[in-house]
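Below is one structure, written out as structure tokens, with a few remarks after it.
The values are calculated or read from the model by the stated rules, or taken from the named source; none is laboratory data. Computed from a prediction, not measured in an experiment: that's the story for all the values here. We place every Cβ from the backbone using ideal geometry, glycine too, and count neighbours over all the protein chains shown. Each accessible area value is taken on the protein alone, full model and side chains, heavy atoms only, with ligands, DNA and RNA left out. Shrake-Rupley method; radii C 1.70, N 1.55, O 1.52, S 1.80 Å.
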Amino acid sequence: MKRMFLIYKTCMKANIASAITYRVNFILNSLIMLIGNVLFPLVTVFIYNSNASFEGWTFKEALLIQSVFILSTACAGIFFNGIMWNTMSHVVEGTLEVVLIKPTSSLFLLLARSFEFESIGLLGGGLVMFVYALSGIDGMTIGSWLLFLLLFGAGLLVMFGVALIVAAISFKWVANSRLPEMFESIKSFGRYPGTIFPKAVVAVSSFLFPVSMIAYFPASTLIGRWEAYFFIAIIPCVLFAAFGIWLYTYMLRSYKSAGG
Amino acid sequence: MFEMIKHRFRLMRAVAFVTYKEWSAYRTHSMVSIFVGPVYFLVQYYIWSAVYSGESSINGMSLSHMLSYFCATMLINYLTMDFADWNLQMLIRTGKFITFSLRPMNHMFYALSQKAGHRVLGLLFEFIPCFMIFFFIFHIDVLPANLLYAILSIAMAFMMNFFIHYSIGMVAFWMVQSSSIRNFFSLCEGIFSGSLIPLVFFPKSLQMASFFLPFQYTTFLPAMVYTGSYTLADITLPIPQVLLLQLIAVMIAGIVCRVLYAVSLKHFTGVGA
């Protein structure tokens, strides 16, 4: 365990050192990532500015859901999303054996190397938006914060599962850089209040592909709109991540070197 | 003159055909849109259905107009999508651009021909399947209000997209790594082209600014022509005038791009070629 911690720390240091070396590029890319990701709440801003709304949701409540989505995306970006691109690039170039021969778990090593400091700007932006949205919400308790953290963690498990599934598919569907787009499109259901969707969509986005857990469920607990089924939805989140790990490990066996 | 046009057309057809064949090997890349497009549209459908509950019109657009607009923007994007900037900066950075100075055809025309071939693939594997899905499954009115006007506007959007992206790609003649500039530009394009939300939702000052920026001519304007009415910053224009406006914008972008190309070539040093 201590050894794994040391490996992770070394990878983190390497990524931060690289960011410091190419600092102008790092700052620009962090800013662009921040602005790009905070764009989608712009739709909500324009909608509410036009005197329209998501029925039953105030502007700040809707914004809270979207800020939680940004926070979740930022955490995923920092800790594990890079595994998709790293795996894809290794498979295309045929260089994965460099990782496979290392005396540690390949999945862990790829994960450690996926640490990406660039999303720190996004995390900061998400936090600012989150605090702003919270300023319009009353009645939060320590209990609701604990529930929020629990569901937020479950949401990260969904993102982790998605990253691993996409990476695993790339072993067979080589060089398809649009693969993450497919999952991104499904994740977009989690950006908005679940009440705007029909019940069938809510059921799918809660239990089958639990994207509601990424933002809608955690934010709802802070607003005080939580429902019992939110907690049942933690089970598919755990299963999703477990399936991702299993699929990745299984598909790793089908890797064919391209002579790298 | 006629012979020269005929010759250029033959060249374009040959390059487009080769590009089409080359990208056909990766047609699943394009076919991802058959899944992604309808899923994104479904999200938009529920968002706007919720927003319009109890409202017949917001900023002059009805719900059906809004849904048609989003379908039109997606479909138009499949026909006009461009990555000439990425391609050009890659050729410059690796020094491969030097090979084009040996060819009897300038790179700008070559890139345009490549785009034509690539978008034929988009027509077959993205536009037509998604059009069918929107029309037959979602029952959205995706037929253009006037076919001729829509074709003209999309053709001009195709050229506009190319000129803008190629001009951005030429930044690489001055900067070795231009990815941040390209990303910044994509960001502006995302906001001001109208693909995120129709420009009529923007504050009036930004709507006015859109007339002078190149972005609305790639998405918002052709989508409005497609759906049959155009209003921006409280200015309603008849479609022929809108097309004239787009033509002027495309011509300006074309001239700027051509001048930049001439200047850029003098700046090129084939490092690593």
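Numbers at a glance
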read-out: Residue in segment B:76-83 that is open to solvent by less than 40 Å² (accessible area, probe 1.4 Å), within 14 Å of chain A (Cβ to nearest Cβ), assigned to a helix (DSSP H, G or I) and not acidic (Asp, Glu) present; value: yes
read-out: Residue among B:64, B:33 that is in contact (Cβ under 8 Å) with a residue 60 or more places away in the chain, in contact with an Asp or Glu (Cβ under 8 Å, 6 or more places away or on another chain), more than 11 Å from chain A (Cβ to nearest Cβ) and not charged (D, E, K, R); value: B:64
read-out: Selection from segment B:36-61 of residues that are open to solvent by less than 10 Å² (accessible area, probe 1.4 Å) and more than 8 Å from every other protein chain (Cβ to nearest Cβ); value: B:37, B:41, B:48, B:61
read-out: Contacts under 7 angstrom Cβ, first residue in segment B:185-201 being touching a residue at least 12 places away in the same chain (Cβ under 8 Å), partner in a loop (DSSP other than H, G, I, E, B) and open to solvent by 30 Å² or more (accessible area, probe 1.4 Å), 6 or more apart; value: B:192/B:213; B:200/B:59; B:200/B:60; B:201/B:59
read-out: Exclusive hit being more than 14 Å from every other protein chain (Cβ to nearest Cβ), closer than 26 Å to residue B:151 by Cα, part of a helix (DSSP H, G or I) and in contact with a Cys (Cβ under 8 Å, 6 or more places away or on another chain), set B:12, B:108; value: B:108
read-out: Test: residue A:252 is modelled with pLDDT of 90 or more and either in contact with a helix residue (DSSP H, G or I) (Cβ under 8 Å, 6 or more places away or on another chain) or open to solvent by 70 Å² or more (accessible area, probe 1.4 Å) (or both); value: no
read-out: Qualifying positions in segment B:179-204 - over 12 Å from residue B:215 (Cβ atoms) and within 11 Å of chain A (Cβ to nearest Cβ); value: B:179, B:180, B:181, B:182, B:183, B:184, B:197, B:198, B:200, B:201, B:203
read-out: Residue in segment A:25-37 that is hydrophobic (A, V, I, L, M, F, W, C), out of contact with any Lys or Arg (no Cβ under 7 Å at 6 or more places or on another chain) and assigned to a loop (DSSP other than H, G, I, E, B) present; value: no
read-out: Check on residue A:119, under 19 Å from the mean Cα position of the chain (by Cα), polar (S, T, N, Q), under 24 Å from residue A:44 (Cβ atoms) and not in a loop (DSSP other than H, G, I, E, B); value: yes
